[in-house]
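Q: A single structure is presented below for examination.
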Amino acid sequence: MTNPFEFSFDNKRYHTLNYYFKTVFGKKFYKAVIDCGFTCPNIDGSKGINGCIFCDGGSGYFTNRNLSVTEQLKLESERIFRKNGIVPLTAYFQANTNTYAPVGKLRKVYTEALEFPNIEGISIGTRADCLPDDVVELLCEINAKTNLTVELGMQSVHEKTIEQINRCCTHAEFLEGYHKLKNKGIRICLHIINSLPNETPEMMVETARQAADLLPDGIKLQMLHVIKGTRLAEMYANGEVTLLSRDEYIDIIVRQLELLPPQTVIERITGDGDKSKLIAPLWSADKIAVLGGIDKALAEKNTWQGRLFADIQV
């Protein structure tokens, strides 16, 4: 069957990160993960404590927050280069809320990352309610120097869900932060989580529908992971949380993709949970099977990313 999706040079019927890299930059970037020891307003008590129910402390797989940015990038570049040769890197500020600090400290760590060899981009994970004006201006400075992406946790558009996951940031606050960045021309990647407590498939699809209205540059779609040591793990053990099966997840992903703008890059379509901490769903650990299932479902239904996008814009 001929692939009807225009943003693809293989069998993928969605806009992959690989396609984006090859067509925009002519090469693939690899993420070098950094943990600068930042906290979060939902951890330090300014908005809440203990974080979201799925938060396991914000630590990355390969990071050591006791090391400097340069030292972490040195270790990360060695790890990545061993497998891939010398390749361009994106400094990925991943752990916790990476704009939640005085602007002077933020400028220092961002600049240190930019000065490291082979760094050709910066990706900053943060909350939409942690974007004061001086931080946004700093992000504009960084954006003028390199390929910047700001990753925002959207999770869900439903206020009841937002309360249940203890996010301590309303959807209205999320939208305010999103538009602050969008109005400055900063590239944004949204995170959506499927199978949050008490959400129906229709609610998950509605989150994608509203995300589509925002015309994000990128989006990450993933399954809710139950990780050891989290509040979610307690809820799961007590039977308070029901998770999607693999087939249910694939069906929802297909429905979400149909609504998303074809130009939006799908930067993640299934999760990479730490297998040593993962309690459920265990099927999510087989990433190849999930990706293959999504490709198969899209082909069988003869559908693709954005097929229904024009309809929701009317």
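Q: Checking the conditions here, which among Asp10, Asp44 is acidic (Asp, Glu) and over 30 Å from Gly306 (Cβ atoms)?
A: Sole residue among the options that is acidic (Asp, Glu) and over 30 Å from Gly306 (Cβ atoms): Asp44.
Q: A further question on this structure: Residues being basic (Lys, Arg) and either modelled with pLDDT of 95 or more or within 15 Å of Thr16 (Cβ to Cβ) (or both): count how many of those fall in the stretch 208-267.
A: Summing the residues that are basic (Lys, Arg) and either modelled with pLDDT of 95 or more or within 15 Å of Thr16 (Cβ to Cβ) (or both) in the stretch 208-267 gives 4.
Q: When the residues of the stretch 24-74 are filtered to those that are in contact with a Leu (Cβ under 8 Å, 6 or more places away or on another chain) and aliphatic (A, V, I, L, M), which remaining residue is modelled with the lowest pLDDT?
A: Restricting to residues being in contact with a Leu (Cβ under 8 Å, 6 or more places away or on another chain) and aliphatic (A, V, I, L, M), the top hit is Ile53.
Q: Of everything in the stretch 218-232, what is crowded, with 20+ Cβ neighbours inside 10 Å and in a helix (DSSP H, G or I)? Give them in sequence order.
A: Leu232
Per-residue answers, yes or no, for (1) buried (at least 20 other Cβ atoms within 10 Å of the Cβ); (2) touching a helix residue (DSSP H, G or I) at 6+ places or on another chain (Cβ under 8 Å):
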{"site": "Lys160", "(1), (2)": "no, no"}
{"site": "Cys168", "(1), (2)": "yes, no"}
{"site": "Leu175", "(1), (2)": "no, no"}
{"site": "Asn183", "(1), (2)": "no, no"}
{"site": "Pro197", "(1), (2)": "no, yes"}
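Q: Looking at Glu176, Glu112, Glu141, which one is farther than 30 Å from Glu202 by Cα and touching a residue at least 40 places away in the same chain (Cβ under 8 Å)?
A: Glu112
Residues are listed down the side, and each one gets a yes or a no for (1) under 24 Å from Lys47 (Cα atoms); (2) hydrophobic (A, V, I, L, M, F, W, C):
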{"position": "Leu114", "(1), (2)": "no, yes"}
{"position": "Arg127", "(1), (2)": "yes, no"}
{"position": "Gly185", "(1), (2)": "no, no"}
{"position": "Glu202", "(1), (2)": "no, no"}
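Q: A follow-up question, please. Is it fair to say Ser8 is buried (at least 18 other Cβ atoms within 10 Å of the Cβ) and assigned to a loop (DSSP other than H, G, I, E, B)?
A: Yes; evaluated as a whole, the condition is true for this residue.
Q: So Ala310 ticks every box in (1) farther than 24 Å from Asp213 by Cα; (2) of a type outside the set (Val, Ile, Thr); (3) assigned to a helix (DSSP H, G or I) but one. Which box is left unticked?
A: With respect to (1) farther than 24 Å from Asp213 by Cα; (2) of a type outside the set (Val, Ile, Thr); (3) assigned to a helix (DSSP H, G or I), Ala310 is out only on (1).
Q: Which of the residues that make up the stretch 171-186 are farther than 14 Å from Pro132 by Cβ and within 18 Å of the chain's Cα centre (by Cα)?
A: His171, Phe174, Leu175, Tyr178, His179, Lys182, Ile186
Q: Additional query: Residues that are within 20 Å of Asp213 (Cα to Cα) and crowded, with 20+ Cβ neighbours inside 10 Å: does the stretch 135-144 have at least one?
A: Looking for residues that are within 20 Å of Asp213 (Cα to Cα) and crowded, with 20+ Cβ neighbours inside 10 Å, one finds none in the stretch 135-144, hence no.
Q: So, in the stretch 169-217, how many residues would count as being of a type outside the set (Lys, Arg) and either in a loop (DSSP other than H, G, I, E, B) or on the phi > 0 side of the Ramachandran plot (or both)?
A: The qualifying residues number 15.
Q: Within 30 Å of Gly306 (Cβ to Cβ), out of contact with any His (no Cβ under 8 Å at 6 or more places or on another chain), of a type outside the set (Val, Ile, Thr) and free of Cβ contacts under 8 Å to residues at least 40 places away in the same chain - does that describe any residue in the stretch 68-85?
A: No, every residue in the stretch 68-85 fails to be within 30 Å of Gly306 (Cβ to Cβ), out of contact with any His (no Cβ under 8 Å at 6 or more places or on another chain), of a type outside the set (Val, Ile, Thr) and free of Cβ contacts under 8 Å to residues at least 40 places away in the same chain.
Q: A follow-up question, please. Step by step: first the residues of the stretch 16-46, then only those that are crowded, with 18+ Cβ neighbours inside 10 Å and among the polar types (S, T, N, Q), then the one that is nearest to the chain's Cα centre (by Cα). Which residue is that?
A: Checking each candidate, the answer is Thr16.
Q: So which helices (runs of 4 or more DSSP H) stay within the stretch 43-153 end to end and still have 1 or more residues that are among the hydroxyl-bearing types (Ser, Thr, Tyr)?
A: 69-84, 103-114
Q: Exactly one condition in (1) in contact with a Pro (Cβ under 8 Å, 6 or more places away or on another chain); (2) in a loop (DSSP other than H, G, I, E, B) is false for Met235; which is it?
A: Status for Met235: all satisfied but (2).
Q: Does Val135 count as out of contact with any Phe, Trp or Tyr (no Cβ under 7 Å at 6 or more places or on another chain) and without any contact (Cβ under 8 Å) to a residue 40 or more places away in the chain?
A: It is true that Val135 is out of contact with any Phe, Trp or Tyr (no Cβ under 7 Å at 6 or more places or on another chain) and without any contact (Cβ under 8 Å) to a residue 40 or more places away in the chain.
Q: Sticking with this one: Across the stretch 33-51, which residue is nearest to Asp217 (Cα to Cα) among those that are aliphatic (A, V, I, L, M) and touching a Phe, Trp or Tyr at 6+ places or on another chain (Cβ under 6 Å)?
A: For the stretch 33-51, the residue satisfying everything is Val33.
The values are calculated or read from the model by the stated rules, or taken from the named source; none is laboratory data. A quick note: this is a predicted structure, and the numbers were derived from the prediction, not measured. All Cβ positions, even for glycine, are placed from backbone atoms using ideal geometry, and neighbour counts span all protein chains on display.
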